[in-house]
1. For the stretch 163-180, indicate whether the set of residues that are out of contact with any Pro (no Cβ under 8 Å at 6 or more places or on another chain), in contact (Cβ under 8 Å) with a residue 40 or more places away in the chain and under 22 Å from V433 (Cα atoms) is non-empty.
2. Just to be sure before I move on: is G369 away from the ligand (no atom under 16 Å from the Cβ) and within 13 Å of I284 (Cβ to Cβ) in the structure I sent?
3. Considering (1) assigned to a loop (DSSP other than H, G, I, E, B); (2) surrounded by 15 or more Cβ atoms within 10 Å (Cβ to Cβ), say which one H365 fails and leave the rest.
4. Within the stretch 381-388, is there a residue that is in a helix (DSSP H, G or I), at pLDDT 95 or above and hydrophobic (A, V, I, L, M, F, W, C)?
5. Quick one: which residue in R45, R35, R114, R68 is surrounded by fewer than 17 Cβ atoms within 10 Å (Cβ to Cβ), within 28 Å of L298 (Cβ to Cβ) and among the basic types (K, R)?
6. Looking at the stretch 287-330, which of the residues that are of a type in the set (A, V, I, L, M, F, W, C) and in a helix (DSSP H, G or I) is farthest from L261 (Cα to Cα)?
7. When you scan the stretch 155-169, how many residues do you find that are out of contact with any Asp or Glu (no Cβ under 7 Å at 6 or more places or on another chain) and more than 24 Å from R135 (Cα to Cα)?
8. Do you know which residues across the stretch 442-470 are within 16 Å of the ligand (Cβ to nearest atom), closer than 17 Å to F400 by Cα and among the hydrophobic types (A, V, I, L, M, F, W, C)?
Amino acid sequence: MLRTLALLAGSAALLTAADADLILQHGKILTADSRFSIQQAVAIRDGRITAIGSDAGVLQAERGPQTRIVDLHGRTVLPGLVDAHVHALEAGLSEFRAPLPPLDSFAAIQSYIRAQAAQTPEGQWIVVPRTFPTRLREMRMPTRELLDVDRSHPVLFDASYVLVLNSAALKLCGIDRQTPDPPGGEIVKDANGEPNGILKNAPSLIKGLDRTAHFTEAEKLLSLEQQLQRYAAAGLTTVGDRGTNPEQIALYQKLKSQGRLPIRAVLTWLGDNSLPAATLEQQIASAAYTTNTGDSWLKFGAFKLIIDGGMTIGTAYQRHPYGPFGRQLYGKTNPDDRGQLFVPRDQLLAVMRAARSRGWQITTHDQGGGAVDTFLDVLEALDRESPIAPSRSHLIHASFQSPEAIARMKKLGILADVQAAWLYLDAPALERVFGEEGMRWFYPLRSYIDAGIVLAAGSDHMIGHDKNRAVNPYNPFLSMWIEVTRRTTQGQIIHPEQRITRAEALKTHTIWPAYLQFAEKERGSLEPGKLADMVVIDRDFLTCPESEIKDIQPLLTLVNGRIVYRGGTL
Ligand SMILES: [Zn+2]
């Protein structure tokens, strides 16, 4: 039966080779081409755009008896949006079994603990899922008193490298004023010399808690597929998955071979930064893939190492100390602390040289300014050996920039993967740490663009399913609204001189990330010959009130000319 259908479809295609499969007409099509032209109609055949232009012109040239015509009634069409930075599997699994609570205040944390206590056998652990203090209303790292809202269970608050325990948990783990700090870690004490519950870099002190989530391969495949479907519903047609290891790479390949990839993915291979340089060099040398191995559905992007920590937890490696507010926000005990550089420069140079010699585009997670400068040193050294610009290598995050670093990026031809949502979510707390002046070069998108640096917008989505409430939110319209307004959750505008235009914001989610992914010739704008990836939205991106940009909803998402999401009537 299938074979008959395929034969019929094949002969039909031969008979009407010039006819489009689908024409979208009566639209306002923002092509994002080099002239940023706006058109009315687009014709699609065999997954590609065959014509784009006026309604009359496209219909006349492309319409055949079999062509399906969709009337857009004046709706706006954008090129399929790209999120250059997600962690799809981790995010998909995070709520695969049960929804996570939104924890944005101390009160919310306490009511979560109370609710868990009511349904957890006495003595068993309660874990408050990953929460960042920069996003709590109190802008303060909790201590054991907050978690002592329940004393009949050991409670653990997870802020990544910082864990906070309640009194019952400290007792269970045998941690008291006499307990020595573990190597490289710290048991933080209060004014009386008692542990205040905060443990830094000390997960080995936790007793009797198995935090490994166990999922079958089928569950992982389903979870990944569903997350990619949620991306399609948000208007995304390509994602860059920024932290894949061999297991995740195999899951993506399996989804593809089973015909279950709803959107395109570009995989970043994340090297394990805890391994010695020589081991990483060996892994790079023996890998069966490098940048651009694959096809337009699934291919490899960059080789990545994480070289510093995070600004939401006070470990990003900065140019300046975190200062006195770091004590409240991150539970720091040393105001001179600048965060952590995980990979020394020489080691980074050796590994990245090996990656370049195997043809990799290279990148690092470099969040603090100190990490940015370190990676730029390495890129300069490699550039002296052979030009780095053709590799389209890039910085990931680079949250704390400087004019000097931007000038070096421009000179070397380095791109940036940027997270607008952190301006929105974290800038209010970070401004308390670094001051207004210290935030002047926080995601300086205007300066990047003026310097001619290609920007790829990415969410760094890693936890949660909802596009607006996830950590981090992956709604690309929220991202573009933040890029255009630089407004925070508290309504303030962070350095308005760094705002960019709507057209530029659209490019950060279309043609520019496509360029970063070596795909600008086949997608990222709507032009004849390119892949038919596009999204029809419910209002005009260019002219709707500015405050509504974040509320724009996709009505149709097309990937390779096929509708993968339908969100309402046109
Ligand atoms: Zn990430």
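1. Looking for residues that are out of contact with any Pro (no Cβ under 8 Å at 6 or more places or on another chain), in contact (Cβ under 8 Å) with a residue 40 or more places away in the chain and under 22 Å from V433 (Cα atoms), one finds none in the stretch 163-180, hence no.
2. Details: away from the ligand (no atom under 16 Å from the Cβ): yes; within 13 Å of I284 (Cβ to Cβ): no.
Taking the combined requirement at face value, the residue does not satisfy it.
3. H365 satisfies all of (1) assigned to a loop (DSSP other than H, G, I, E, B); (2) surrounded by 15 or more Cβ atoms within 10 Å (Cβ to Cβ) except (1).
4. Yes, that holds for at least one residue.
5. Residue meeting the stated conditions: R68.
6. Going through the stretch 287-330, the residues of a type in the set (A, V, I, L, M, F, W, C) turn out to be 287-288, 297-298, 300, 302-303, 305-307, 311, 313, 316, 325, 329.
Next cut, in a helix (DSSP H, G or I) only: 325, 329.
Working: F325: 46, L329: 41 Å.
Once the filter is applied, the top-ranked residue is F325.
7. Taking the stretch 155-169 as the starting set, the residues that turn out to be out of contact with any Asp or Glu (no Cβ under 7 Å at 6 or more places or on another chain) are 155-165, 168-169.
This time we only want the ones that are more than 24 Å from R135 (Cα to Cα), so: 168-169.
The qualifying residues number 2.
8. Within the stretch 442-470, A456, A457 qualify.
The values are calculated or read from the model by the stated rules, or taken from the named source; none is laboratory data. All values reported here derive from a predicted model rather than from experimental measurement. Positions of Cβ are generated from backbone atoms using ideal geometry, with glycine treated the same way; all protein chains shown enter the neighbour counts.
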